[in-house]
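Notes to accompany the following structure.
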Amino acid sequence: MTDGRPTFAAVFADQWDGLPPAMKLHYANRPLSNDRVTVTGTLTIEMGAMMRLLAPLMAALGLFTPRDGKAIPCTVHFLSEPGSNAFIFERWFQFPGRAPYRFRSRLVPQENHEVIEYMASGVGWRCVYEYDTDTVRLRHRGYVWRLFGRDIPLSGLGAFLMGRGDAFEQATGAASFRMRMTLSGGLFGRAMAYSYAGEFTVTEMALTDA
């Protein structure tokens, strides 16, 4: 059972009450539950030349999508689990002429607005969630590697190789929002750039205690 407070209410802290309705729906999942929120929309995914070549390997490591494209239909399930406070992203991409592709990651709240998003490979992206005026901003704080239950900071090495990630989200209606994520910089500059942007609508909510 939970106390009824969403997982991200603690992440946003005193900023939570000021979030627009669409953002509160987006982050409605509670910890220690079987909550499920679904959003649907499209994403435009862009890659630099080198990233495009490495994309299948990156996808095999659970880091990025295997290809780019415009207005790719995408369904995202936000999931909770009874045994933790993790906020799970389960993304399903429908690339033209391809079988649906699933990309899954686990967001685990830390302290002081910080969240670590863990990929299947164990690589984690540290970021701070902040709400300012009408925008939720995800600010880059570095990378970690989850190994044997411990987070090993990658210090400046991760940013040197992969660049830094930043993202924003903005409500566009009572149950819709747009977002953009960019990965830029790093050793190979624009050749390894990666970004995706699109708009989503909350289409299903199932808030059920474990």
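The values are calculated or read from the model by the stated rules, or taken from the named source; none is laboratory data. All values reported here derive from a predicted model rather than from experimental measurement. Methodologically, a virtual Cβ is constructed for each residue, glycine included, from the backbone with ideal geometry; neighbour enumeration extends over all protein chains shown.
Across segment 166-209, what is the total count of residues that are part of a strand (DSSP E or B) and over 19 Å from the mean Cα position of the chain (by Cα)?
Just the residues of segment 166-209 that are part of a strand (DSSP E or B), to begin with: 166-171, 176-184, 194-206, 209.
When the remaining residues are screened for being over 19 Å from the mean Cα position of the chain (by Cα), the result is 206, 209.
So the count comes out to 2.
Quick check on segment 115-137: of everything there that is touching a residue at least 40 places away in the same chain (Cβ under 8 Å) and assigned to a loop (DSSP other than H, G, I, E, B), which residue is farthest from the chain's Cα centre (by Cα)? Working first, answer last.
The initial filter retains those residues of segment 115-137 that are touching a residue at least 40 places away in the same chain (Cβ under 8 Å), namely 115, 119-121, 123, 125, 127, 129-131, 134, 136.
Applying the additional criterion that residues be assigned to a loop (DSSP other than H, G, I, E, B) yields 119-121, 134.
Values: MET119: 10, ALA120: 13, SER121: 15, ASP134: 19 Å.
The residue in question is ASP134.
Given the residues ARG178, ARG126, ARG164, ARG137, which is the only one that is surrounded by 20 or more Cβ atoms within 10 Å (Cβ to Cβ) and either under 25 Å from PHE12 (Cα atoms) or at pLDDT 90 or above (or both)?
ARG126
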Please pick out the residue among PRO56, PRO73, PRO82, PRO96 that is without any contact (Cβ under 8 Å) to a residue 12 or more places away in the chain and over 19 Å from ARG146 (Cα atoms). PRO56
